[in-house]
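Trainee: Please find one structure pasted underneath; my questions will follow.
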Amino acid sequence: MDKKILSIIIPVYNVQEYIEECLESALNQNVENYEIICVNDGSTDDSLKILQRYSETHKKIKVIDQKNKGLSGARNTGFNSSTGKFIMFLDSDDYLKENSLKELIRKISEENLEILAYNYINYYKVNNQKIEDRKISVDKFMTGIEYYKEMSVDKSCPMSWLNIYKREFLEKNDLYFLEGIVHEDVEFMVRLLPKVEKMKYMNEAIYYYRRREGSIMTEDKYNPNKKYSFEKIIETCEKELLKTKDLKLKTIIESRISASTFSILKEELKEKVLRKNEKRLTLSYLEKKRTIINKTSSKKLKLVSNSSITFFSLIFILLMEYKFKKMIIK
């Protein structure tokens, strides 16, 4: 098998409007001997046709067509089909900075890093771009836990697409994406970062993250899979809590549990509204109270889901149930 220096894994689902820009950005790189693995995850638009057209003229592009398995399943398929010494994940509605990957590969290779993290640009449809001003130590050797702590201070959430990985590290730790859930990056990074012994962060913006309506990250309509997904995130977080003695990391993971518990509540309330003449729930009040879950530090209680949550958060949940009928708009 002809092994490559880098594999860029692109899961593809109904993105005919954006996929060409994504592919062009992956092709316009100053790297030799790399591959672009595109996994068509059951698209119903012309995404597959576009992929096939590109693969006919660009040998770097390999197309895999599969029945819909979700983002995690597509990423796992791409990883299992890849040969690269290093791995990157690129979502099909996003794109990369031109000629930016050579320096990433040089740095992760020469410094023998397990992962190398980088910055990104928020890209909005209205042609408004914003480079994230992240207060994270630049070019400093860190463990994954130290990086997680700095991300927490920076109020950032670690994402799988913000890193280049050493393949050996992923395989040694059996790090695959949990299939069948949404918000898979939260679950994945909670498992991954505590295992990282050597990494760095570089502040160069490599990745363009597109903010668009209709994506998994922006939709707020009821999704029956979301509740299950947040329950799985809580389950993973609780397992990681048992493994660590680091008090700061415990606090960070507990905040993830609280946030996921909050999200489960939101989904349950949305479901109730759908059952009541499909009227929509006004969630603005609920969103404003998110800080209660993350900022209070009173003693913890246990919900039926076995997730940790503060006393005041529980009171808030009971109040929300009481006020539920008043929060339905016509």
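The values are calculated or read from the model by the stated rules, or taken from the named source; none is laboratory data. Note that the structure is a prediction, hence the values are computed from the model and not measured. For neighbour counting, all protein chains shown are included, and Cβ atoms are generated from backbone atoms with ideal geometry for every residue, glycine included.
Trainee: Tell me yes or no: at least one residue of region 209-226 is more than 29 Å from Asp91 (Cα to Cα), of a type in the set (A, V, I, L, M, F, W, C) and either at pLDDT 80 or above or under 19 Å from the mean Cα position of the chain (by Cα) (or both).
Mentor: Here is the first cut: in region 209-226, the ones more than 29 Å from Asp91 (Cα to Cα) are none.
No, there is no match, as no residue in region 209-226 is more than 29 Å from Asp91 (Cα to Cα), of a type in the set (A, V, I, L, M, F, W, C) and either at pLDDT 80 or above or under 19 Å from the mean Cα position of the chain (by Cα) (or both).
Trainee: With the condition kept exactly as written, say whether any residue in region 77-85 is surrounded by fewer than 17 Cβ atoms within 10 Å (Cβ to Cβ) and farther than 21 Å from Asp185 by Cβ.
Mentor: There is at least one residue in region 77-85 that is surrounded by fewer than 17 Cβ atoms within 10 Å (Cβ to Cβ) and farther than 21 Å from Asp185 by Cβ.
Trainee: Does Lys102 meet the test of being surrounded by fewer than 16 Cβ atoms within 10 Å (Cβ to Cβ), touching a residue at least 60 places away in the same chain (Cβ under 8 Å), more than 25 Å from Arg211 (Cα to Cα) and out of contact with any Lys or Arg (no Cβ under 7 Å at 6 or more places or on another chain)?
Mentor: yes
Trainee: What do you reckon, is Leu27 closer than 19 Å to Ile87 by Cα and either surrounded by fewer than 18 Cβ atoms within 10 Å (Cβ to Cβ) or charged (D, E, K, R) (or both)? Before you say what the answer is, go through the steps one by one.
Mentor: Values: closer than 19 Å to Ile87 by Cα: yes; either surrounded by fewer than 18 Cβ atoms within 10 Å (Cβ to Cβ) or charged (D, E, K, R) (or both): yes.
Answer is yes for this residue.
Trainee: What are the pairs with Cβ atoms under 8 angstrom where one residue, in region 8-32, is in contact (Cβ under 8 Å) with a residue 24 or more places away in the chain and the other, located anywhere, is of a type in the set (Asp, Glu) and outside any loop (DSSP other than H, G, I, E, B)? Sequence gap at least six, or different chains.
Mentor: Ile8/Glu35; Pro11/Asp41; Val12/Asp41; Tyr13/Asp41
Trainee: Taking the residues in region 41-66 that are assigned to a loop (DSSP other than H, G, I, E, B) and polar (S, T, N, Q) as candidates, determine which candidate is surrounded by the most Cβ atoms within 10 Å (Cβ to Cβ).
Mentor: Applying the filter and picking the extreme gives Ser43.
Trainee: Something else now. If only one of Ser109, Ser152, Ser72, Ser137 is assigned to a loop (DSSP other than H, G, I, E, B) and either in contact (Cβ under 8 Å) with a residue 60 or more places away in the chain or surrounded by fewer than 20 Cβ atoms within 10 Å (Cβ to Cβ) (or both), which one is it?
Mentor: Ser137
Trainee: Another one. Return the residues of region 171-192 that are outside any loop (DSSP other than H, G, I, E, B) and either in contact with an Asp or Glu (Cβ under 8 Å, 6 or more places away or on another chain) or crowded, with 18+ Cβ neighbours inside 10 Å (or both); say none if nothing qualifies.
Mentor: Selection gives Glu184, Asp185, Val186, Glu187, Phe188, Met189, Val190, Arg191, Leu192.
Trainee: I'd like the full set of residues that are in contact with a helix residue (DSSP H, G or I) (Cβ under 9 Å, 6 or more places away or on another chain) and either outside any helix (DSSP H, G or I) or at pLDDT below 90 (or both), limited to region 228-247.
Mentor: Correct list: Thr244, Asp246.
Trainee: Scan region 16-24 and give yes if some residue there is under 30 Å from Thr143 (Cα atoms), in a helix (DSSP H, G or I), at pLDDT 95 or above and out of contact with any Gly (no Cβ under 6 Å at 6 or more places or on another chain), otherwise no.
Mentor: no
Trainee: Evaluate the following for Asp2: is it among the charged types (D, E, K, R), in contact with a Phe, Trp or Tyr (Cβ under 6 Å, 6 or more places away or on another chain) and closer than 29 Å to Ile108 by Cβ?
Mentor: no
Conditions tested, residue by residue: (1) out of contact with any strand residue (DSSP E or B) (no Cβ under 9 Å at 6 or more places or on another chain); (2) over 22 Å from Gly180 (Cα atoms); (3) free of Cβ contacts under 8 Å to residues at least 40 places away in the same chain; (4) of a type in the set (S, T, N, Q).
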{"position": "Asn40", "(1), (2), (3), (4)": "no, no, yes, yes"}
{"position": "Leu51", "(1), (2), (3), (4)": "no, yes, yes, no"}
{"position": "Tyr54", "(1), (2), (3), (4)": "no, yes, yes, no"}
{"position": "Thr57", "(1), (2), (3), (4)": "yes, yes, yes, yes"}
{"position": "Ile61", "(1), (2), (3), (4)": "no, yes, yes, no"}
{"position": "Asn68", "(1), (2), (3), (4)": "no, no, no, yes"}
{"position": "Thr83", "(1), (2), (3), (4)": "no, yes, no, yes"}
{"position": "Phe86", "(1), (2), (3), (4)": "no, yes, no, no"}
{"position": "Phe89", "(1), (2), (3), (4)": "no, no, no, no"}
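Trainee: Assess whether Leu104 counts as being hydrophobic (A, V, I, L, M, F, W, C), touching a Leu at 6+ places or on another chain (Cβ under 8 Å) and assigned to a helix (DSSP H, G or I).
Mentor: Numbers: hydrophobic (A, V, I, L, M, F, W, C): yes; touching a Leu at 6+ places or on another chain (Cβ under 8 Å): yes; assigned to a helix (DSSP H, G or I): yes.
Yes: the conditions hold for Leu104.
Trainee: Please work out which one of (1) under 19 Å from the mean Cα position of the chain (by Cα); (2) modelled with pLDDT of 90 or more; (3) among the basic types (Lys, Arg); (4) more than 20 Å from Ile10 (Cβ to Cβ) is the condition Lys140 fails and give its number.
Mentor: Checking Lys140 against (1) under 19 Å from the mean Cα position of the chain (by Cα); (2) modelled with pLDDT of 90 or more; (3) among the basic types (Lys, Arg); (4) more than 20 Å from Ile10 (Cβ to Cβ), the one that fails is (1).
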